[in-house]
1. Of the conditions (1) modelled with pLDDT under 90; (2) buried (at least 16 other Cβ atoms within 10 Å of the Cβ), Asn234 satisfies every one except a single condition; which number is it?
2. Does the stretch 208-227 hold any residues that are β-branched (Val, Ile, Thr) and in contact (Cβ under 8 Å) with a residue 40 or more places away in the chain, and which are they?
3. Taking the stretch 257-279, which residues are touching a residue at least 24 places away in the same chain (Cβ under 8 Å) and small (Gly, Ala, Ser)?
4. Here is a list of conditions, (1) in contact with a strand residue (DSSP E or B) (Cβ under 6 Å, 6 or more places away or on another chain); (2) farther than 25 Å from Arg312 by Cβ, and Ala215 meets all of them except one; can you say which number that is?
5. Show me the helices (runs of 4 or more DSSP H) entirely contained within the stretch 129-214 in which 1 or more residues are outside the structural domain of Tyr99 (by TED's automatic domain parsing) and farther than 21 Å from Val238 by Cα.
6. Go through (1) free of Cβ contacts under 8 Å to residues at least 60 places away in the same chain; (2) within 30 Å of Glu166 (Cβ to Cβ) and name the single condition Asn254 misses.
7. If you scan the stretch 23-34, which residues turn out to be under 15 Å from Leu86 (Cβ atoms) and surrounded by fewer than 19 Cβ atoms within 10 Å (Cβ to Cβ)?
8. Only residues that are closer than 24 Å to Cys148 by Cβ and either among the small types (Gly, Ala, Ser) or assigned by TED's automatic domain parsing to the domain that holds Pro297 (or both): list them for the stretch 226-251, please.
Amino acid sequence: MKIWAIRSCFIIASAAICYVVYDGDVFAVLAALVVAFLLVAAEFCLHLPSTRDVVASLIGLFLGLLVAVGVISLFPQSHRSLTIILVLSFGYLGMMLGYYFATTLDFGGLLRSNGAIRSRETHALQSGNNFKILDTSVIIDGRILEICQTKFIEGTLVIPRFVLNELQRIADSTDSLRRNKGRRGFDILRALQNNPAIVVEITEEDVPHLTEVDAKLVHLAQERDATIVTNDLNLNKVAELQSVKVLNINELSNAVRPVVIAGEVIQVFLLKEGKEPNQGVGYLDDGTMVIVEDGKPYIGKALNVEVTQMLRTSAGQMIFTRIKADEMDVDEEPGLHPYSRSW
């Protein structure tokens, strides 16, 4: 981790400076190490920087040392111990201020799609690095907005710049369907940013040695110890194989769907034929597929069916049913409400 490399260099430099200034005095070196560790502990919860962050930290360190020299010149008779403390303190303070400046200021400016939207980078320091990285599919899907509004997802929503670039390419597509999906994605992002209860971070961090967006997402999640939020089954599997935590919106949707048990009676409107001979297929209000044995003659009608089996898969939930005996000869009018239970 780059930030820990910066911290380690500062601690080692502190000990080395005291060793030179105090002619190898062991106690002075130990005192410098204690002060350096205390300063590092004061800002423990930082995030991984990009190359820009490292450069900004070094510039901050240089400016901090200049300030320290200026303060020391005001006290020419000061003790060497005070001099060392001032140099270390201002140097470290400048380095960290440079880092914070680089990670919190959005250099990306305005991101445009059918009108400009402003990218803000809110760098929240939260315990446990509670970051949720959104992929392109879950942004376009849109359900993430309602889930965040209900506070089922906590922490900072991180949208990498390379995800926004992919969303921009979709919004600029010549295909009208893809173009509408891209614009919908930007509308969802705007709504997330405008909600004061949701913390959104647009990060400039990139993984230049990788080309695939999914690979970049997994790498970034590993660096930040973050969770990927997606509804892409393939990304879900790849991330889990690499020990990256994943929140799949489709799995959440399946988990909160109404539970039916064998023998329960539901009403369904049959829309089409099934894959197997003589099957009819309908859907509940939540999109659950209902497969009705011997339901082909009743396509275009609503009827009461008895649940025989419920099957959950990664793609969703399917309910297998058979027609109730007292429905066999009932010619129901089509257009009835497609989902109601008989209790």
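1. Evaluating Asn234 over (1) modelled with pLDDT under 90; (2) buried (at least 16 other Cβ atoms within 10 Å of the Cβ) leaves (2) as the failure.
2. Scanning the stretch 208-227 gives Val213, Thr227.
3. Answer for the stretch 257-279, where residues must be touching a residue at least 24 places away in the same chain (Cβ under 8 Å) and small (Gly, Ala, Ser): Ala262, Gly263.
4. For Ala215, the exception is condition (1).
5. Working: elements: 136-141, 143-149, 161-171, 176-194.
Hits in the stretch 129-214: 143-149, 161-171, 176-194.
6. (1)
7. Ala31
8. Ala226, Ala239, listed by residue number.
The values are calculated or read from the model by the stated rules, or taken from the named source; none is laboratory data. Given the structure is predicted, the values throughout are model-derived calculations rather than measurements. Don't worry about glycine lacking a Cβ; one is built from the backbone with ideal geometry, like all the others, and counts go over all protein chains shown.
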